[in-house]
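*Asks:* First the structure, which I've put down as structure tokens, then a few questions once you've had a look.
The values are calculated or read from the model by the stated rules, or taken from the named source; none is laboratory data. Because the structure is a prediction, the values reported are computed rather than measured. A quick note on method: Cβ atoms are made from the backbone with ideal geometry, for glycine too, and the neighbour counts reach across all protein chains shown. Surface accessibility is based on the protein's heavy atoms, side chains included, excluding ligands, DNA and RNA. Shrake-Rupley method; radii C 1.70, N 1.55, O 1.52, S 1.80 Å.
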Amino acid sequence: MTRIRALFVANRLWFALIAFVLLFVAAYGFPWLFPLVQVGFVVFAGLVGIDAWLLFRPTADSGNRTDGTESFFARRDVPARLSNGDENPLTIYLENRYFFQVDVEVIDEIPFQFQRRDVLFQARLGPRQTQTIRYGLRPTRRGEYSFGAVNVFVLSPLGLLKRRYQFESGRMVAVYPSFLQMRQYELLAATNRLSEVGMKRIRRLGHSMEFEQVRPYTTGDDVRTVNWKATARRSDPQGASLQINAYQDERSQPVYCLIDKGRVMQSPFAGLTLLDYAINASLVLSNIALQKQDRAGILTFSDQVGQLLPADRRSGQVLKILELLYRQKTRFMETDYERLYTSVRTHIRQRSLLLLFTNFETVSALHRQLPYLRRLAKDHLLLVIFFENTELRGLLDQPATDTEQIYLKTIGEKFAFEKKQIVKELTQYGIQSILTTPQNLTANTVNKYLELKARGMI
């Protein structure tokens, strides 16, 4: 019974049956054709039997295996966890254990969250040959994803029947915030290639107050840091060797990402919500801050305060941040900034850099929360990060062809103007801000953090 369930009819067999039906019908008008058709049908039935025997005949090295891998084997290689918003590589390994060439159709049952039913691959493998199929999946939601079976349909050279094999059934994989993006920024920072992802070269505007050491001058050092007294005390046979004062960035500055989980962060862009963009950027920024020897922490909030991870830079802090961000869920409620201010005042006592990921569509929406933002900025260095309306930008870039479009463009320009007014309002009260598109959020946030650090503001 198991073998019957694994047996399927190929298109070639259907076409052959249709041809025989037409020949039998034609034999009514041409009686001499009937015996030939009968013989041909018997030969055809024999070929079908041979095809079935070839597909189900055990190979010489099958042994006593009963797991369905005696003649063909497949394996899906999936990362232990997937990165949200990124193209994640997957691999399907195929191994033909038949003694003849086979054509295969591979259907991978990917998680329903992708809403795709077209993951179909075709391949041809010679006897004892292996082949690898590579493709990618881009998840847009965090959480658990369940992979189904890898269905492999094998056809012999006759191509009349298919035998189905199933492998890798029922595997669960978690989708985490974009750790691939985090690794990319970390690698580019280590090789001084951050400009490839939109990072700017920021000139340091002076030194921090933390002195490190006196060391010999090397080409490229700032001549203003020459220590003339140390130079005069140290000389060699070739003459005086210049000595400079070396400084290092002030370390262990607390950096907190405050993530708004309210309904304003649910607008979609390229499949991801603004909340997920903020979560991905927070992970990257926290990792960069730790690389700069600062302390990184997270605070989530909406109508009530969510989770707080105190700023720290001990080993394992990135993993704690990753796990915390993975578990965040939207409450679809109006954000309560009064609760946010109370929580920050209670739990964050040391002056810190607060990166507030939120969204304001109008100036009036900002004015309702401005008193709490001003109080936060009084005790901390506050950076408000909110988003441009990309759909609105597309509307404004199109020429108006009728009266309705003129009205729409006028309203759109009003909303775009209000976004710029929000930046001016925040600047007026000494609050740093970033107005950015979702796709540029990470680069702009890290740029601003490095700028503030270079200016000695944190």
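*Asks:* Looking only at segment 250-278, which residues are open to solvent by 30 Å² or more (accessible area, probe 1.4 Å) and farther than 22 Å from Phe387 by Cα?
*Replies:* Glu250, Arg251, Ser252, Gln253 - these are the residues of segment 250-278 that are open to solvent by 30 Å² or more (accessible area, probe 1.4 Å) and farther than 22 Å from Phe387 by Cα.
*Asks:* Consider only pairs whose beta carbons are under 7 Å apart and that are at least six residues apart or on different chains; among these, list those whose first residue lies in segment 35-60 and is in contact (Cβ under 8 Å) with a residue 24 or more places away in the chain and whose second residue is part of a helix (DSSP H, G or I) and open to solvent by 90 Å² or more (accessible area, probe 1.4 Å).
*Replies:* Cβ pairs passing all conditions: Phe56/Arg3.
*Asks:* Hey, among the residues in segment 420-455 that are over 22 Å from Asn287 (Cβ atoms) and of a type in the set (Gly, Ala, Ser), which one's nearest to the chain's Cα centre (by Cα)?
*Replies:* Ser433
*Asks:* State whether one or more residues within segment 25-32 are farther than 25 Å from Lys162 by Cα, surrounded by 15 or more Cβ atoms within 10 Å (Cβ to Cβ) and modelled with pLDDT of 95 or more.
*Replies:* no
*Asks:* Would you check if there is a residue in segment 127-147 being in a strand (DSSP E or B), open to solvent by 50 Å² or more (accessible area, probe 1.4 Å), among the basic types (Lys, Arg) and free of Cβ contacts under 8 Å to residues at least 40 places away in the same chain?
*Replies:* Let us first name the residues in segment 127-147 that are in a strand (DSSP E or B), namely 130-137, 143-147.
Then drop every residue that is not open to solvent by 50 Å² or more (accessible area, probe 1.4 Å), which leaves 130-132, 134, 144, 146.
Going one step further and asking which of them are among the basic types (Lys, Arg), we end up with 134.
This time we only want the ones that are free of Cβ contacts under 8 Å to residues at least 40 places away in the same chain, so: none.
The answer is no; no qualifying residue exists.
*Asks:* Still on this model: Is there any pair linking a residue in segment 311-326 that is touching a residue at least 40 places away in the same chain (Cβ under 8 Å) and more than 11 Å from Ser286 (Cα to Cα) to one that is assigned to a helix (DSSP H, G or I) and of a type in the set (Val, Ile, Thr), with Cβ under 6 Å and at least six apart or on different chains, and which?
*Replies:* Within 6 Å, the pairs are Leu325/Ile279.
*Asks:* Given the options Thr335, Thr358, Thr346, name the one that is out of contact with any strand residue (DSSP E or B) (no Cβ under 6 Å at 6 or more places or on another chain) and among the hydroxyl-bearing types (Ser, Thr, Tyr). Can you show your working first?
*Replies:* On the way: Thr335 fails: out of contact with any strand residue (DSSP E or B) (no Cβ under 6 Å at 6 or more places or on another chain); Thr358 fails: out of contact with any strand residue (DSSP E or B) (no Cβ under 6 Å at 6 or more places or on another chain).
Only one candidate passes the filter, namely Thr346.
*Asks:* Within segment 400-458, count every residue that is acidic (Asp, Glu), in a helix (DSSP H, G or I) and either in contact with a Ser or Thr (Cβ under 7 Å, 6 or more places away or on another chain) or open to solvent by 50 Å² or more (accessible area, probe 1.4 Å) (or both).
*Replies:* 4
*Asks:* Taking interchain pairs and intrachain pairs at least six residues apart, which have beta carbon atoms under 6 angstrom, with the first residue in segment 4-23 and more than 15 Å from Leu158 (Cα to Cα) and open to solvent by 90 Å² or more (accessible area, probe 1.4 Å) and the second modelled with pLDDT under 95 and of a type in the set (Gly, Ala, Ser)?
*Replies:* Close Cβ pairs (under 6 Å, with a partner that is modelled with pLDDT under 95 and of a type in the set (Gly, Ala, Ser)) do not exist here.
*Asks:* In the list Arg203, Arg128, which residue meets the criterion of being at pLDDT below 75, basic (Lys, Arg) and farther than 25 Å from Glu109 by Cα? Step through it out loud before you land on a result.
*Replies:* Numbers: Arg128 fails: at pLDDT below 75.
Just one listed residue meets the conditions, Arg203.
*Asks:* Quickly run through segment 436-458 and pick out the residues that are closer than 26 Å to Arg393 by Cβ and modelled with pLDDT under 90. Lay out the reasoning, then the answer.
*Replies:* Pass one, segment 436-458, residues closer than 26 Å to Arg393 by Cβ: 436-449, 451.
Residue satisfying the conditions is Glu451 alone.
*Asks:* Continuing with this model, one more query. Which of the residues that make up segment 380-394 are open to solvent by 30 Å² or more (accessible area, probe 1.4 Å) and part of a loop (DSSP other than H, G, I, E, B)?
*Replies:* Answer for segment 380-394, where residues must be open to solvent by 30 Å² or more (accessible area, probe 1.4 Å) and part of a loop (DSSP other than H, G, I, E, B): Glu388, Asn389.
*Asks:* Would you pick out the residues in segment 86-105 that are under 22 Å from Asp118 (Cα atoms) and open to solvent by 20 Å² or more (accessible area, probe 1.4 Å)?
*Replies:* Asp86, Glu87, Pro89, Thr91, Tyr93, Asp103, Glu105
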